[in-house]
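Below is one structure; the comments refer to it alone.
Read the figures in this text as sums done on the coordinates, not as results from a lab. In this text, all values refer to a predicted model and were calculated from it rather than measured experimentally. Don't worry about glycine lacking a Cβ; one is built from the backbone with ideal geometry, like all the others, and counts go over all protein chains shown.
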Amino acid sequence: MPIIKSAKKAARRSLVLNKRNTEFKLRMKMEIKKFIKSITKGEAVSQDELSKIYKYVDKCAKIGIIKKKTAARKKSRVARLFTAKKPTSN
């Protein structure tokens, strides 16, 4: 148990940040899973859903939940799936 006042505040702050980080990370993961599931089912996926994933991934990278290159890798993989499943017009 912290004794010093600043240590008590740091412990409280740690709990708050941990909760926030967990929520952001969970939201990002669930959005990516939902996107991949809809693509594998063959459902139509809009550009808005892709930009929503980009928003969550960028936010996590900005806050420091995931690293910059990890964010780039996640966005790249999702974009590759999106373009691969996009119907070609011939």
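Evaluated against (1) among the polar types (S, T, N, Q); (2) surrounded by fewer than 10 Cβ atoms within 10 Å (Cβ to Cβ); (3) within 13 Å of the chain's Cα centre (by Cα), Gln47 falls short on exactly one condition, (3).
In this entry, Asp58 is excluded by the filter for residues that are surrounded by fewer than 11 Cβ atoms within 10 Å (Cβ to Cβ) and part of a helix (DSSP H, G or I). Return yes when Ser14 is more than 14 Å from Lys74 (Cβ to Cβ) and exposed (fewer than 10 other Cβ atoms within 10 Å of the Cβ) and no when it is not. Judged against the criteria, Ser14 is not a match. Within region 46-59, not a single residue is in contact with a helix residue (DSSP H, G or I) (Cβ under 6 Å, 6 or more places away or on another chain) and of a type in the set (Lys, Arg). Only residues that are surrounded by 15 or more Cβ atoms within 10 Å (Cβ to Cβ) and under 10 Å from the mean Cα position of the chain (by Cα) were counted in region 23-43, giving 5.
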